[in-house]
Amino acid sequence: MIDGHGRKIDYIRLSVTDRCNLRCTYCMAEDMTFLPRRDLLTFEEIEALARHLVGRGVRRIRLTGGEPLVRKGILDLVERLGRLLESGLDELTLTTNGTRLPETAQTLYASGVRRINVSLDTLDRERFAALTRRDEFDRVIEGIGAARAAGLAIRINAVAMRGVNDDELPNLLAWCGERGMDLALIEGMPLGEVAIDRHAEHLPLSEVRERMEERFSLVPSLHRTSGPARYYDVEETGTRLGLITPLSHNFCAGCNRIRIAATGTVYGCLGHDQKVELRDIIRAGGEAALDEALDLLLAGKPLRHDFDVARSEPAVVRHMSVTGG
Ligand code: SAM
Ligand code: SF4
């Protein structure tokens, strides 16, 4: 699949639910209204869509949400999608808050998942409870342990926030390093209405990098994953630090992905409303109509997002949990 700007699209981020058992302040409001379950694609529909996309050249699928591991029966879906690894898919992975890993990590590995991203913004239990509005820190730590024991490679994702966790980011890098895990830092993006002041919490990662360099030797690395992180080798730990800078340094020229929401709405970009609705097309069973809709999406895929935290309105009204983070 090639988009209207000549970019090869071979990566899908697939949201399996907009629900979550946490309420991270930068991601959600406390009283979110979630989609009725009947609006979600069924596992059969997701599998059929994924198979079709792999047939069109998709090589990586990342399950996300909301929290992907809270969808009922999710391990069944992972197993089904894992079978695509034998017919063209190179990687099946997921992004999770980690709270359900203690009971799922082994099955994820058995289904063909080898690498996961776990989101953890702080190592302080109380801070975690304030940030996520839920007291689940111990479960996340337990989940990370279970995932490591199951053989999954882990990258920790943390949103860098001024006045919230900026003081502990070097410690977080050291903690990850001691456990052989890479760390990716993300700039908060203006997606959806939330209670926090995004402008006040905005922290350019160039500033974080300078602070990190007081303690670690960071060597620019050629390492790439399918995402937009730019990596540095951390000499002291032998692991990597990734920086994802949607605000301070635009990376859209290399965009290789589209995002499928749990309802079958496909978005060309996290920061725009351009979309096509696939659910009814999938339900009607027309492969040609599916291709037509996908081609329409690819042709109109925006060149770039235009996030600006200084604007008082969010870039799009959708929360990240809806599009699939
Ligand atoms: N619940 C899972 C998790 O937290 O890993 C998967 C979905 S979550 C939306 C995916 C990632 O998006 C997480 O790492 C989270 O920190 C990040 N995220 C959520 N809202 C964000 C925002 N407004 N700006 C930047 N990152 C955000
Ligand atoms: Fe849930 Fe992930 Fe959003 Fe936090 S970032 S509220 S864990 S979906």
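The values are calculated or read from the model by the stated rules, or taken from the named source; none is laboratory data. Keep in mind it's a predicted model, so treat the numbers as computed, not measured. Glycine gets a Cβ as well: all are built from the backbone with ideal geometry, and neighbour counts include every protein chain shown. Protein only, heavy atoms only, side chains kept; ligands, DNA and RNA dropped before computing areas. Shrake-Rupley method; radii C 1.70, N 1.55, O 1.52, S 1.80 Å.
Couple of notes before you dig in:
- Restricting segment 62-103 to residues that are of a type in the set (Ser, Thr, Tyr) and open to solvent by less than 10 Å² (accessible area, probe 1.4 Å) leaves a set whose member that is nearest to Gly227 (Cα to Cα) is Thr93.
- Extreme residue, farthest from Ser111 (Cα to Cα), among residues of segment 21-73 that are within 16 Å of ligand 1 (Cβ to nearest atom) and among the small types (Gly, Ala, Ser): Ala29
- Residue match in segment 44-61 (condition: within 16 Å of ligand 2 (Cβ to nearest atom) and open to solvent by 10 Å² or more (accessible area, probe 1.4 Å)): no
- Flag if Asp31 is modelled with pLDDT under 95 and open to solvent by 30 Å² or more (accessible area, probe 1.4 Å): yes
- Residues of segment 152-174 that turn out to be surrounded by 15 or more Cβ atoms within 10 Å (Cβ to Cβ) and on the phi > 0 side of the Ramachandran plot, as a count: 0
- Leading residue by the ranking (nearest to ligand 1 (Cβ to nearest atom)) among those in segment 82-107 that are touching a helix residue (DSSP H, G or I) at 6+ places or on another chain (Cβ under 6 Å) and of a type in the set (A, V, I, L, M, F, W, C): Leu94
- Spans of helices (runs of 4 or more DSSP H) in segment 57-156 with at least 3 residues at pLDDT 95 or above and closer than 26 Å to Asn171 by Cβ: 101-110, 125-132, 137-150
- Check on Ala289, assigned to a helix (DSSP H, G or I) and within 27 Å of Phe307 (Cα to Cα): no
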